[in-house]
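Below is one structure, written out as structure tokens; comments come after it.
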Amino acid sequence: QGQLVESGGGSVQAGGSLRLSCAASRITINGYGMSWYRQAPGKQRVFVALIGTSGATTYADSVRGRFTASRDDVKNTVYLQMDSLTPEDTGVYYCKIYATSNWGQGTQVTVSA
């Protein structure tokens with residue numbers, strides 16, 4: 001089974017930006033859609049973005065226009081550029097291979113007002 005490792009989380013002020021990475025190993029991602037999810041404290045994990053094998057993207061309403069998912073199949077990595085962050089974006093962000101139960105360990109994003 002492939003391994004996914006997220007990175008790039010941190011603490012920022014509202015209005016700031018972060019770029020998350022999800023690096024895959026023991027699996028090549030070029031045949032898979034890749035998803036991003038997040039889990040706020042005390043809440044369920046929710047969908048954030050999906051990037052298909054062609055690069056087509058889908059976003060949750062709450063992040064559309066602020067977040068951008070991308071992929072580099074040569075580097076076997078997907079990215080989530082997050083701009084105009086708000087405190088409501090705080091949570092642990094996870095990547096996942098679409099339609100599988102293969103999750104990364106998550107990276108914490110904290111946005112202060």
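The values are calculated or read from the model by the stated rules, or taken from the named source; none is laboratory data. From a predicted model like this one, the values you see are computed outputs, not experimental measurements. Using ideal geometry, Cβ is built from the backbone for each residue, glycine included, and neighbour counts are taken over all protein chains shown. What goes into the accessible areas is simple: the full protein's heavy atoms, side chains included, and nothing from ligands, DNA or RNA. Shrake-Rupley method; radii C 1.70, N 1.55, O 1.52, S 1.80 Å.
Only loop residues by DSSP count here, and only those with at most 16 other Cβ atoms within 10 Å; note down the trypsin sites (Lys or Arg not before Pro) in segment 1-49 that meet that. Here the trypsin sites (Lys or Arg not before Pro) that fit, given the DSSP loop and packing criteria, are 26, 43. Segment 68-88 and segment 3-67 have Cα centres lying 6 Å from one another. Provide the net charge surrounding residue 18, with neighbours chosen by a C-beta distance below 11 Å and charges set as Lys +1, Arg +1, Asp -1, Glu -1. My count for the surroundings of residue 18 gives -1.
With contacts taken as Cα pairs under 8 Å at a separation of at least 6 residues, the chain carries a relative contact order of 37 percent. Diffusion coefficient of segment 52-96 by Stokes-Einstein, Kirkwood radius over Cα pairs, 25 °C, 0.890 mPa s: 208 µm²/s. For the chain, the share of DSSP beta bridges that are antiparallel, to the nearest 5, is 90%. Surface composition of the chain: carbon and sulfur atoms hold 49% of the protein heavy-atom accessible area at a 1.4 Å probe. Normalised per residue, the accessible area of the chain is 51 Å², obtained with a 1.4 Å probe and no contribution from ligands, DNA or RNA.
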